[in-house]
Amino acid sequence: MSAALATIWILHLIATLTPGANTVLVMQVAAGGMRGAAARAAAGIATGSVVWAALAVSGVGALLDAFPHARAAMQAAGGVYLTWLGAKFCLSARARAAPDCGIGRHERAFRVGLLTNLTNPKAVVFFGSIFAAAFPADPPHWLAGAAVLIVLLNAMSWYGLVAYLFSRGPVRTWYATHCHRLSAAVGVILGGTGLKLIQQACSEIRP
């Protein structure tokens, strides 16, 4: 059982450390001087990871595979959200203003982080493949619970670390000078990810 949990920990950690929409969102919010908001966004992202992991454990990934049009619709909706968020970053870069990323107040940060993570329903398929590779046949309930807990700890540790590092003084000083360039880069990453999700969704829907 310990080998199964170690496999899940390593595979999910590698996926978490890969730069993507979740990481760049926390980086941008933290570097913009909103340390508390960045921590809340990190908590929202971690909660999203737990949601996807729990759904994968319950077999929702297999259900989405059985109904590809439903998964494609969810994926397209997530792509629209990420494209909208990326556009906000790009517009703020053009205006040379600090973007709020939809986070006008700190209490919105958790929701934005959660929605950013929940925009890609393929995550449940990813978690399902990890668990299928690591779990023995007919795994006990405690093993599934421990796997979801590992996902939570991985996500909280990494995104919390990103929030802390990018809220430090030297990073914020650099950000004050280059925030418009970073906003443009983040906007392109988020928007590009969203457009890719929409394109993939259209490909799946197309006969």
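Each value in this text was obtained by applying a stated rule to the coordinates, not by laboratory testing. As the structure is a computational prediction, the values presented were derived from the model and not from experiment. No Cβ is skipped: glycine too gets one built from the backbone with ideal geometry, and neighbour counts run over all protein chains shown.
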- [ ] Using 0.36 nm per residue of separation minus the Cα-Cα distance, give me the extension gain between residue 141 and residue 188 in nm, one decimal.
- [x] 12.8 nm
Open item on the list: Between residue 58 and residue 161, what is the label-point separation in nm under the 7 Å Cα-to-beta-carbon projection?
Closed with: 3.1 nm
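Note the full-extension length gain between residue 70 and residue 149 as 0.36 nm times their separation in residues minus their Cα-Cα distance, in nm to one decimal.
Taking 0.36 nm per residue and subtracting the Cα distance, the gain is 25.6 nm.
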Open item on the list: Just to be sure I understand the model, the point goes 7 Å from the Cα along the line to the Cβ. What's the resulting residue 91 to residue 199 distance in nm?
Closed with: 2.4 nm
Task: Label-to-label distance, nm, for residues given as residue 18 and residue 5 (7 Å Cα→Cβ offset) - done: 2.6 nm
- [ ] Using packing as a proxy for protection, rank 19-30, 2-13 so that the peptide with the highest average count of other Cβ atoms within 10 Å comes first.
- [x] 19-30, 2-13
